[in-house]
Amino acid sequence: MRRVIITGGDGFVGSNTVNYFLKQGVEVVALDLNRLPHNLKEHPLLHYICLDISAVMESLVELPKLEYDSWIHFAWEGSAGTKRFDYALQMRNALDCVKCLKAAKEIGCKRFVGAGSIMEKEVDAVMQQQGSRPGMAYIYGMGKLIAHYMCKTIAADIGIDFLWPLITNTYGIGERSPRFINTTISKAVNGEPLEFTSGVQNYDFVYVDDMAKAFYLIEEKGIPFHEYVIGSGLARPLKEFIIEMLDTIEYKQSVSFGSQKYTGVNLALETFDTRNLLLDTGFLTEISFTEGIRRTKEWMEQNSNDNR
């Protein structure tokens, strides 16, 4: 039987990935800061452990004495909101990622799968522009980029397979953070006015169920020391996604495009290319953007008290 460790296993992305692995008959040790899980349910193949990954090497004795195939690392504080600007926090996140990589090697894992961000590509692009003045939101992407580069180098040195998926934008049932999809749907449902940038920048979104499947396939079939973009494979200007989202939730009020200033860079469409993921793992999405938005809106309405 395959066994994996998943850090941040009770979070939005982590818990959905844990559940996908469980459905495939994989035994999972889920690590998270919550004393009791908020999202995970009891399962015969699930071991849940409350653990602070900043002291993960000292806490390895708490893990079940089993043979593990892989370590999948989602734990990352400050992925949304103003904590994205906290450079000390984001540096600590990167160092914690290294600690988990070394812990994975220590207990005999054959593979380490990180959770990168498409913002790493944006950081690279904006930093190479002469005269650019990056916004503080890039601090989050810098933390991911540092974790990526340090872990890849250390993995090669200590001898463990390293894989680094780059998540575009994940959304779906169970998401409670103030990210773009959640905020927009919430405002629309409440009849609030909606203001956006011009929306010409290229974007992509992937529903959380598809994202979890992608991680399963990457852990199982991905080529060591490769990175994989996880997205729908249908990237396009953000404005097109917004219009489709508002049509799906039947938002009737006027929308303002261009009233908000966009200070980032526009990544080329090929940056979002998912062909390597398809070729190496066979991954294809199953949930369209329209269907994903419909499910998310219905869940948000049913859980409106919890999401306030």
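We did not get these values from a lab; they are worked out from the coordinates using the rules stated. Please read all numbers here as calculations on a predicted model, not as lab measurements. Note that we place each Cβ from the backbone using ideal geometry, even for glycine, and neighbour counts take in every protein chain shown.
Quick notes on this one:
- Descending semi-axes in Å of segment 173-239, equivalent ellipsoid built from Cα gyration tensor: 30, 16, 8
- Two numbers describe the Cα atoms of segment 229-298: Rg and Dmax, which are 14.8, 44 Å.
- Taking amide H as placed 1.01 Å from N in the peptide plane, the amide H of PHE112 sits under 5 Å from that of TRP71, ASP161, PHE162, LEU163, each at least 5 places away or on another chain.
- Ratio Rg/Rh, restricted to segment 145-279 and using Cα atoms, in which Rh is the Kirkwood radius: 1.04
- For the chain, built as a Gaussian network whose Cα springs stay under 10 Å, the top-fluctuating residue of LYS213, LYS65, LYS110: LYS65
- Normalised contact order of the chain, rounded percent, pairs of Cα under 8 Å and 6 or more residues apart: 17 percent
- Put simply, the amide H of LEU194, placed in the peptide plane, has neighbours under 5 Å in SER256, leaving out anything fewer than 5 places away on its chain.
- Ranked by the mean number of other Cβ atoms within 10 Å of their residues, highest first, the peptides 170-181, 96-107 fall in the order 96-107, 170-181.
- Once the chain from GLU192 to PHE257 is taken as fully extended at 0.36 nm per residue, the excess over their C-alpha distance is 21.9 nm.
- Mean separation of Cα contacts under 8 Å, 6 or more apart, over the residue count of segment 11-113: relative contact order %: 26 percent
- Percent of Cα pairs in segment 89-211 per distance bin of 5 Å, from zero to the largest separation: 2, 9, 15, 17, 18, 16, 11, 6, 3, 2, 1.
- Distance violations [Cα-Cα > 23 Å] among LYS187/LYS252; LYS239/LYS297; LYS99/LYS213; LYS83/LYS121: LYS99/LYS213
- Karplus-derived 3J(HN,Hα), 6.51/-1.76/1.60, for each residue of segment 265-280, Hz, glycine and proline x: 9, 9, 6, 5, 4, 5, 4, 8, 4, 10, 5, 4, 5, 5, 5, 7
- Pairwise FRET efficiency - ASN34 versus LYS102, Cβ, R0 = 30 Å, nearest 0.05: 0.80
- Here the contact order of segment 186-308, divided by its residue count and restricted to Cα pairs under 8 Å and six or more residues apart, works out to 41 percent.
- Whole-Hz couplings from phi, Karplus 6.51/-1.76/1.60, listed for segment 196-204; x for Gly and Pro: 9, 5, 5, x, 7, 5, 6, 8, 8
- Over the chain: helical MRE at 222 nm, DSSP H runs n ≥ 4 each giving -39500 (n - 2.57), nearest 500: -12500 deg cm²/dmol
- Pairwise FRET efficiency - THR290 versus GLN128, Cβ, R0 = 30 Å, nearest 0.05: 0.25
- Cβ-Cβ FRET estimate between VAL200 and MET136, R0 fixed at 30 Å, reported to 0.05: 0.85
- The string of couplings for segment 79-84 from the Karplus curve (6.51, -1.76, 1.60, θ = phi - 60°) is 8, 8, x, 5, 5, 4 Hz, one whole number per residue in order, with x for Gly and Pro.
- Here the simple spin-label model places points 7 Å from the Cα toward Cβ, and for SER304 and ARG236 these points are separated by 3.0 nm.
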